[in-house]
There are 2 protein chains.
Amino acid sequence: MGVSDDQSKLASIIFSNLLRNHGEGILKASVYPLNPSHASIGDQKCYPSLDSLPEVPELVVVAVPASLAVSVVKDAARAGARAALVITGGFAEAGKKDLEQEMWAAAKKRGMRILGPNTIGLLDTSSGVDSLFLPATKKLETGREVVSLLKPFKGGVVVITQSGHLGEIVSEELAANGVGLRALVGTGNQLDVSVEDIIGYFADDYLTKVIAIYLEGIKNGRRFISAASAAARNKPVIVFKMGKTRAGALAALTHTASLVGDYEVYKAAFREAGVVEAESLQELVDYCVTFSFLHQRPGRRLLISTNAGGVGAVAADEAERDGLDIRSLSRETAKAVRSCLGKASFASTMTLSNPLDLTATVTTESFAKATEKALASPDFDMAVVLPTHQTPAIGADISEQMAESILRTSKPACVCVMGSAELAKMIHEDFLRRGIPSFPTPERAVRALAALSSYPVLRSGSRRPSAVSTSDRARFITGANGPLPPKMIERLLSEYDIPHPRSVLVGPDAGLAKPRGLRFPVACKLVSSDMLHKTEAGGVILEVPDSEGLAIVSRRLRQLATRLRIKFDGVLVQEMSSPGIELLLGSTRDKVFGPTIVLGAGGKYTELVRDYSLAIAPLSIDDARNLISNTKVGQLLSGYRGGPPVRILGLARIISRFSRILIENPSIEQIEVNPLIASEDGITAVDVRAVTRFP
Amino acid sequence: MGVSDDQSKLASIIFSNLLRNHGEGILKASVYPLNPSHASIGDQKCYPSLDSLPEVPELVVVAVPASLAVSVVKDAARAGARAALVITGGFAEAGKKDLEQEMWAAAKKRGMRILGPNTIGLLDTSSGVDSLFLPATKKLETGREVVSLLKPFKGGVVVITQSGHLGEIVSEELAANGVGLRALVGTGNQLDVSVEDIIGYFADDYLTKVIAIYLEGIKNGRRFISAASAAARNKPVIVFKMGKTRAGALAALTHTASLVGDYEVYKAAFREAGVVEAESLQELVDYCVTFSFLHQRPGRRLLISTNAGGVGAVAADEAERDGLDIRSLSRETAKAVRSCLGKASFASTMTLSNPLDLTATVTTESFAKATEKALASPDFDMAVVLPTHQTPAIGADISEQMAESILRTSKPACVCVMGSAELAKMIHEDFLRRGIPSFPTPERAVRALAALSSYPVLRSGSRRPSAVSTSDRARFITGANGPLPPKMIERLLSEYDIPHPRSVLVGPDAGLAKPRGLRFPVACKLVSSDMLHKTEAGGVILEVPDSEGLAIVSRRLRQLATRLRIKFDGVLVQEMSSPGIELLLGSTRDKVFGPTIVLGAGGKYTELVRDYSLAIAPLSIDDARNLISNTKVGQLLSGYRGGPPVRILGLARIISRFSRILIENPSIEQIEVNPLIASEDGITAVDVRAVTRFP
């Protein structure tokens, strides 16, 4: 819709693309231009409206101004079209949400799906649907036409992008690296079809080998995890998330909320979905190249083979940072390698370790053979090969010889070709042509292999979180929005079987005698519906030894409330717990992903230490064990520096039960135990605060 | 020496280079080939030995096998040559240290300097000395000659490298980016001339604009800091340090030693020298390009100007990570920018913030003008410009128009040109030609600007550490290597005026009465020359309330020593300190940099928290203040979450005095205070351990 003779208009460019694909037999569908003011476009009959078409269209591509687009979409829905691809911008992103909602209402009624609006659209190399409207060439001042866009070719990578431009760049870079595209999909405003939907579609598409995602944000976190984890089980899903810096949540109600930035929740979600995370756009491309070329799923034992010490050292450094295992060659392997080096004087004295530095004197043939022997050995799962072709001993056929050697081992390898002269470019391209991922820096080559070897681990750990439900367990939670009163907290802990010290709430008007059933020493906490953090204000007094002390302390807390001008709701008198390791266990409701769980170092230093681990709730006991082992405080629990060990299983059970609280109680917004004291004797939730927000 | 007719031999290649440079008038010196078995090389007379030369050579280039090289160097020294450049390998790096020492002894005697051995040598574009022996072309199987090495051209960058290959790669990349080279120097084994010497030389060379260093390790850390800080005051010094991963110092004697990896000491040294640190080889090149093109020393306020939202967001993300200030446009600036956008429909409704996203509809001219207006405003110090040339609205002249706009502002800017088609390459190269650093990813462009703006700050903070000396202060420290006895520690603390609680050592055979002059409660510590860490073994008992308790505790500690089978040297009885924030203050002797100081979180969680800051000793009071503010625990000290503030100045004074201990006492190897308790009342070194190693 909107096609004209003006070839600079989006609709005209798209029509030309589709017509070309139709002519070449790629697009197996009829293409009709629509424009009420044209009778024909080139030699094609042009139609005035959707009604006038000889058949009901499957897909309507809309690239007319926003106000017009709405009526076109409405017409399309009425005409029975199955889908509309709305390129047009100027909707929600320009403050006109109403306009797109109107469009959506009409489509929903007829079951028509919408991709967009405000999107670069779709390029499907298999079906031939191509709505990309960027010009393929541009004119220089001299009049010469220069290629401005590298066209993708057919292949196995799907690029899903929330930025049209960056998606296009990724597709160009893949083409430049000899990697084919299955599809490029821009999500635009996600009025209907979302990233989650698109992942779901390509998860089951057998032509799709790798899914790459440029992500700015998502709407439904749990659906994203489900879709991504289902896809990741069959094929690598690689994601680059924009917006990594911390949201400065200064006004957060609990430590948990102020501790965790939005990005950290995304990171936890990626882990749970089993997707491979790229740290930059460059890495997204690097990983696509690697996963497209290499189908092995290696372990983490990396051989570094080189003929230059410096670059080998840089690679080893990166490998250690990435947690790869750069063990040395076994004696047998070293012997086999040495046998390849011939009788050169250096060969006999050379120490063979990892990096395997064959020095600048090694010849092309010996280098390739020695690398093959080492990689083929049982010592290694994969290799990074760093051939310095600038040395006199290495010939221009290094890529041919090395690639053949690598391929014979059937193990994955990446190479790094450095240099800016013509030969460097030729060798780089020759490696790519032979199916060996080639990068211009050692760090990128090593990181690509680290990603490759992380995928099997990630995939096996992926899980789909259960949905948020409502339970009868905590119907007793009522009242106004705000801090949950101590009595309800105590009942909540009992419901979820979370051990807590015995305590008695002494009301504001009660006497000051020893509360029944408690053992001295006790802790006294000021209770006020106006205050959440007691410690900072001096509202907690520990180690009160006897009744006399209790009387003094109660008076002091009442005076404190008066001074702070907050309501005095009484004093919570609690038995002192035996000392142990102080943890923080918290749960907050993330806007995108729903309930999350945080475990970390607790007590006074929580925010200073920032040692914590995060997961999407709920957690099984195994998930909880992982959560514990991901924190540094986990070391302490299993007996650190002479301290007594804590029963990890018991803690995991408590965390698992705790993780259901927000899942099952929509009215609880945040809950935090700090400290949760873990000792030889057991685990106790000493101080708990919760905030409600009733729907 | 060693030149022959065989053009594949190193000496022959080097001779050809020198002869060519002589012919072209670059090398203003005579060049003589030496080889006893040739009468001539080409049309040049060949000399049998150094004695037969018509003049005394200034420089002898040695590229003959190691055994021969030694005698050549000896001859050269005897002949009165000023310097020898020894390319030859097979010395210390091959386990033959004797061989190179023999060479060195002969040279030293005659005052001849040696660069190398085992080095790529020197390429000096100004003097024409060029010992690079890598072939410029290589032959393909088809017989075609292909350029295998991009020759550097004359310019202002000095590359100092501890890996010949990586230095050569950096020089190629600089050439590819249009950046000229002043010199490339490979240090080789550093038998004589070291990285520090070379930095010192080029620091005073007015042709040198930027110094880039690839570093694997150095010998004399304090000389390195001095040379680098002197150079950094005049010109940017950029360093990429290989070997960043932690040395697993499991057997370290103090927490301080196990806390700090070698690389962290280097990092502290770089900070003190005021050098710019690159995180990768790629960054080393990126920073050289940026510092070569941009001579401004900007602040940290960054404008991000783009016509594509996604790439702007990625740049903003990186800018926040790098601590840059991406404030929004002021009202006046926004107005000025809007006036450039013409009457296009989008212009009136567009919200102008930072990133300044001018959207895909902006034209080349408006984009350049708007960027110019924004950057020229007082709001910003520098800009990253992200022009997406793929959109229909942008012409192939974007680089011309944008570069002119940028240059008119006289403020620094980097651009990012993405894409893999011909036009992308042309625009990228055009930007470089016009003196605007251009990078293929937004992250690299932003990081380059972050480095540019960090240089003035780094430079102003650079300092030269004083040398290690011996003081009379601590002559009393005598005895065997190992833990320093409590009495000597107490005296040492008194000498350096470091407050510590009163204590009495009760010998193994003394009675158990209350030690004179101490107030209860006291802490009791097992003293044993066999044990350094008391807490873990249960050797510290706190809060002993009275004499009766003291008797019990002393007995228990004696039993403990028996059980642990360690020597019982008595019990240290110490007054309890008032509670406060627990710090760790330590000092260790680094092999390269000498005494270092570590301040961090102390107590039980020291190694868990890993919150610490490191500096090269000694520290002035101002240095100590910086050290404090670089730790998270510094927040606690100035009153964190309601805690009382600590006098920072008092602490800084104590740290400054403490930092002299290892400087002035060569026999003390490590000393550590943990905890150093800081409270409102003052600062107390509660537990101190020190280890001696007598020279």
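The values are calculated or read from the model by the stated rules, or taken from the named source; none is laboratory data. Everything numeric in this text was worked out from a predicted model, so none of it was measured. Ideal geometry is used to build each Cβ from the backbone, glycine not excepted, and the neighbour counts take in all protein chains shown. These area figures cover heavy atoms from the full protein model, side chains too; ligands, DNA and RNA do not enter into them. Shrake-Rupley method; radii C 1.70, N 1.55, O 1.52, S 1.80 Å.
Points to keep in mind about this one:
- Chains B and A together bury roughly 6300 Å² of accessible area, counting both sides, with a 1.4 Å probe on protein heavy atoms only.
- Separation between Cα centres of region A:652-695 and region B:73-124, rounded to whole Å: 70
- Evaluated over region B:350-468, the Cα radius of gyration and Dmax, each in Å: 16.6, 66
- Bins of 20 Å from zero: percent of alpha-carbon pairs in the protein assembly as shown: 9, 30, 36, 20, 5, 0
- With label points set 7 Å from Cα along Cα→Cβ, the inter-copy distances at B:Arg82 are 8.3 nm, sorted shortest first.
- Charge dipole of the protein assembly as shown (Cα centre as origin; +1 on each Lys and Arg Cβ, -1 on each Asp and Glu Cβ, all else neutral): 3120 debye, rounded to the nearest 20.
- Shape category assigned to region B:555-695 from the gyration tensor of Cα positions, a/c cut at 1.5: oblate
- With a cut-off of 10 Å between beta carbons, the residues surrounding B:Glu575 carry a summed charge of +2, where Lys and Arg count +1 and Asp and Glu -1.
- Position B:Arg233, label points 7 Å along Cα→Cβ, spacing to each other copy in nm (shortest first, one decimal): 6.7
- Nearest-0.05 FRET efficiency for B:Asp325 and B:Glu365, computed from C-beta distance (R0 22 Å): 0.15
- Note on A:Arg491 and B:Gln635: with the Förster distance fixed at 41 Å, the Cβ-Cβ geometry gives a FRET efficiency of about 0.65.
- Relative to the longest principal axis of the Cα atoms of chain A, helix A:10-23 runs at roughly 60 degrees.
- For chain B, the relative contact order works out to 9 percent when only alpha carbon pairs closer than 8 Å and six or more residues apart are counted.
- Angle between chain A longest axis and helix A:309-321 axis [Cα atoms, degrees, rounded to 10]: 40
- The angle separating the long axis of helix B:422-433 from the principal Cα axis of greatest extent in chain B is about 80 degrees.
- Separation of alpha-carbon centers, region B:142-213 and region A:326-340, rounded to whole Å: 35
- Members of region A:300-317 that become less accessible by 30 Å² or more once partner protein chains are added (1.4 angstrom probe, chain alone as reference): A:Gly310, A:Ala313, A:Val314, A:Asp317
- In loop segments of region A:437-501 as defined by DSSP, the trypsin sites (Lys or Arg not before Pro) with at most 16 further C-beta atoms inside 10 Å of their C-beta are A:Arg473, A:Arg475.
- Taking a ≥ b ≥ c as the square roots of the eigenvalues of the alpha-carbon gyration tensor, region B:1-93 is classed rounded because a/c is under 1.5.
- Of the solvent-accessible surface of chain A, computed with a 1.4 Å probe over protein heavy atoms with every protein chain present, carbon and sulfur atoms account for 52 percent.
- For chain B, diffusion coefficient by Stokes-Einstein and Kirkwood Rh (Cα), 10 °C, 1.306 mPa s, µm²/s: 54
- Contact residues in region B:280-294 (at least 10 Å² less accessible area with all protein chains than alone, 1.4 Å probe): B:Ser280, B:Leu281, B:Gln282.
- Solvent exposure of chain A as accessible area per residue, Å², 1.4 Å probe: 40
- Descending Cα extents along the principal axes, region A:411-478, whole Å: 75, 26, 16
- Relative contact order (%) - criterion: Cα under 8 Å, at least six apart; region: region A:84-192: 30
- The contact residues of region A:419-434, meaning those that lose at least 40 Å² of 1.4 Å-probe accessible area when all protein chains sit together rather than their chain alone, are A:Ser420, A:Ala421, A:Glu422, A:Leu423, A:Met426.
- Relative contact order of region B:1-157: 20 percent, from C-alpha pairs under 8 Å at least 6 residues apart in sequence.
- Positive contributions from Lys and Arg (+1) and negative ones from Asp and Glu (-1), summed over other residues with Cβ under 14 Å from the Cβ of A:Ala227, come out at +2.
- Distance between modelled label sites at A:Glu680 and A:Arg110, nm, 7 Å Cα→Cβ extension: 7.6
- Within straight-line reach of A:Lys567, meaning a Cα separation under 19 Å, sit the following lysines at least 8 residues removed in sequence or on another chain: A:Lys487, A:Lys525, A:Lys534.
- Potential lengthening between B:Lys591 and B:Phe520 on full extension [0.36 nm per residue; Cα-Cα distance subtracted]: 21.2 nm
- Checking the cross-link pairs A:Lys241/A:Lys591; A:Lys209/A:Lys591; A:Lys369/B:Lys138; A:Lys267/B:Lys632; B:Lys74/B:Lys241 against a 27 Å limit on the alpha carbon distance flags A:Lys209/A:Lys591; B:Lys74/B:Lys241 as lying beyond it.
- For B:Ala29, inter-copy label distances in nm, listed shortest first [label point 7 Å out on the Cα-Cβ vector]: 7.3
- The distance between label points at B:Arg563 and B:Asp204 comes to 6.7 nm (points 7 Å beyond Cα on the Cα→Cβ vector).
- FRET efficiency for A:Glu58 and A:Lys335, using Cβ-Cβ distance with R0 set to 51 Å, rounded to 0.05: 0.20
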